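For reference, the structure discussed in these notes is given below.
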Amino acid sequence: MPQPLDALAVRTWCSLALDALGREREEIDAINVYPVADGDTGTNLYLTVESAATAVEAVFAAYETGSAAPALADTVRAMAHGALIGARGNSGTILAQLLRGMAEVLGESGGGAAGALRRAAESAHRAVAHPVEGTILSVASAAARAAGGTTPGDDAAAVTAAHAAARRALEETPGQLDVLGRAGVVDAGGQGLVAVLGALAEAVTGEAPLRPAPRVHPGVATAAGGCAGGGPAFEVIFLLEAGDDAVARLRARLDALGDSLVVVGGDGLWNVHVHADDAGAAVEAGVEAGRPYRIRISHLAAAGHPEPRERVQRAVVAVVPGEGLAGLCAEAGATTLLARPGEPPASGELVEAIRRAHAREVVLLPNDTELRHTAAAAAEQARHEGVRVALIPTRSAVQGIAALAVHEPGRRFDEDVVAMTSAAGATRYGELAVAERQSFTSAGVCQAGDVLGLIEGDVAVIGADLATTAETVLDRMLSAGGELVTLVLPEDAPPGLGERLEAHVRAGHLAVDTVIYHGGAGAPLLVGVE
């Protein structure tokens, strides 16, 4: 029976789309030949929708204790935002813009499925620097045209027609794009969009669409033989806080640097994707435009080389709260995942980072108490994929730094894990935070603007300024002994704060060394004592 396209239908849509992409992920990866034969389109689409679905579930969670359901506008905005911040790869970024376009219409009073699909296709075309026929864009346009030919207001008819037209358009892609025809495959991104639209049709009509027979056996890499000629060496992706004018200039600069440029988003938050030989210049362009974060740089698979990259024996994957720490951990040999304050990574992002490490054995450092369950789920997923994963429950970045310091990939895996776990466990951790409101804490009542000194997660000190509170925290932590103090400061830390705290430790604790790192984010100061 047809269902109204309301908040509950959107929730169901996201869940069904995630299930569909989960079933087809390996097959979509296997037929991925455009724009680069790197075999990850299905995975990227899955992670993008997973982020959207997680955001929608968060909206519903806020209503679980009451009788009211979230508004459609709130639900689709959450879906679009989740897809935007979680978008992966070329196709995932385009899908995020398609969902944003739909949300713009569905969030309006009286906006229906046909109008939403039309806005989605139009906005996605605008987001791509050089649209190409025979791709996900062609499939989106066909779906929008078919939906527009149905009776206005009949959402069930619109989504059913859109899905059917998308399937037909997908079959035409090999004749529209030479690289697909040579490889004998349809467009991978387009196939993913068909799965997403099939889920939408099922959510609205209540009837599951027929599932197409697999085109290739999962794991058969037909993709690698289909991409001819060289291309840029790196894929660069980042979220960007910037205004419209700055983004317009950024598009022009990145277009000159590389190809496969897609910039999606709006209202001050953007997801930027480009393939370029000079990854540093691409990131620098983002810095000039605004504030880039969650920067991911991946080496693209060389075209015409079907052999999979040889797995390394062991790798460390670390979640880090700032770009400076990401550089530090990368120098120590870790694969890093940036975590934005207030937006911890989802399990899919951790799984992706484990895959990116491309190792037989992985040591996972979540570096955050709140990531305990998420990291455990990611580790379990990676184990199902054949990776031996050891999760060290590091609760702070300073514990992760201590674990990395003793990491030795040449020794036995179990011995390495034990040594890293021991080093992390021997590191007491603290941090400073600024109170946002009046509240009760384990150290008493704090007021908005007070500086809070936390030790092992509990508020131990309430102070008026950063430096004095930090000194008190250090003294309390060192009262139990210690040989090394690690201080992690953000880039915007008050001038001289690190030097003052180092001098304080030296004056009161002669046998204790201090090491200072810059480039943290989220907390005014992280402290480790070991």
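The values are calculated or read from the model by the stated rules, or taken from the named source; none is laboratory data. Predicted model only: the values in this text are computed from it and were never measured. Neighbour counts are summed over all protein chains in view; Cβ atoms, including those assigned to glycine, are modelled from backbone coordinates with ideal geometry. Remember, those area values only see protein heavy atoms, side chains included, never the ligands or the DNA or RNA. Shrake-Rupley method; radii C 1.70, N 1.55, O 1.52, S 1.80 Å.
Here are a few things to note about the model shown:
Per-residue answers, yes or no, for (1) at negative phi; (2) assigned to a helix (DSSP H, G or I); (3) not hydrophobic (A, V, I, L, M, F, W, C):
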residue: N367; (1), (2), (3): no, no, yes
residue: T374; (1), (2), (3): yes, yes, yes
residue: I401; (1), (2), (3): yes, yes, no
residue: R437; (1), (2), (3): yes, no, yes
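- Subset of the stretch 88-118 [in contact (Cβ under 8 Å) with a residue 24 or more places away in the chain and within 11 Å of G265 (Cα to Cα)]: T93, I94, A96, Q97, L98, L99, R100
- For the stretch 443-456, the set of residues classified as of a type in the set (G, A, S) and surrounded by 12 or more Cβ atoms within 10 Å (Cβ to Cβ) consists of A443, G453, listed by residue number.
- Residues in the stretch 193-206 that are farther than 11 Å from A140 by Cβ and either assigned to a loop (DSSP other than H, G, I, E, B) or not charged (D, E, K, R) (or both): A195, G198, A199, L200, A201, A203, V204, T205, G206.
- The set of residues in the stretch 501-517 being surrounded by fewer than 16 Cβ atoms within 10 Å (Cβ to Cβ) and in contact (Cβ under 8 Å) with a residue 12 or more places away in the chain consists of G508, A511, D513, V515, I516.
- Among the residues listed as E288, E307, the single one being modelled with pLDDT under 90, open to solvent by 70 Å² or more (accessible area, probe 1.4 Å), in contact with a helix residue (DSSP H, G or I) (Cβ under 9 Å, 6 or more places away or on another chain) and not assigned by the TED database to the domain that holds G410: E307
- Selection status of A460, free of Cβ contacts under 8 Å to residues at least 40 places away in the same chain and open to solvent by less than 50 Å² (accessible area, probe 1.4 Å): yes
- Residue list for the stretch 99-122, restricted to those being among the small types (G, A, S), open to solvent by 10 Å² or more (accessible area, probe 1.4 Å) and under 14 Å from G153 (Cα atoms): S109, G110, G111, G112, A114, G115
- For beta carbons closer than 7 Å, sequence separation of 6+ or different chains, a first residue in the stretch 435-448 that is farther than 14 Å from V461 by Cβ and free of Cβ contacts under 8 Å to residues at least 60 places away in the same chain and a second that is open to solvent by 50 Å² or more (accessible area, probe 1.4 Å) and among the aromatic types (F, W, Y), there are no qualifying pairs.
- Failed criterion for D277 (all others in (1) farther than 30 Å from E385 by Cβ; (2) modelled with pLDDT of 90 or more hold): (2)
Residues checked against (1) of a type in the set (F, W, Y); (2) within 30 Å of D255 (Cα to Cα); (3) part of a loop (DSSP other than H, G, I, E, B); (4) touching a Phe, Trp or Tyr at 6+ places or on another chain (Cβ under 8 Å):
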| site | (1), (2), (3), (4) |
| --- | --- |
| L117 | no, yes, no, no |
| A120 | no, yes, no, no |
| V139 | no, yes, no, no |
| A146 | no, no, no, no |
| G153 | no, no, yes, no |
| A156 | no, no, no, no |
| V159 | no, no, no, no |
| L170 | no, yes, no, no |
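- Any hit, the stretch 82-99, residues being closer than 30 Å to Q176 by Cβ and either among the aromatic types (F, W, Y) or assigned to a loop (DSSP other than H, G, I, E, B) (or both): yes
- Residue match in the stretch 136-147 (condition: among the charged types (D, E, K, R), more than 30 Å from G268 (Cβ to Cβ) and out of contact with any Asp or Glu (no Cβ under 6 Å at 6 or more places or on another chain)): yes
- For A378, the conditions (1) hydrophobic (A, V, I, L, M, F, W, C); (2) surrounded by fewer than 17 Cβ atoms within 10 Å (Cβ to Cβ); (3) under 25 Å from F238 (Cα atoms) all hold with the exception of (2).
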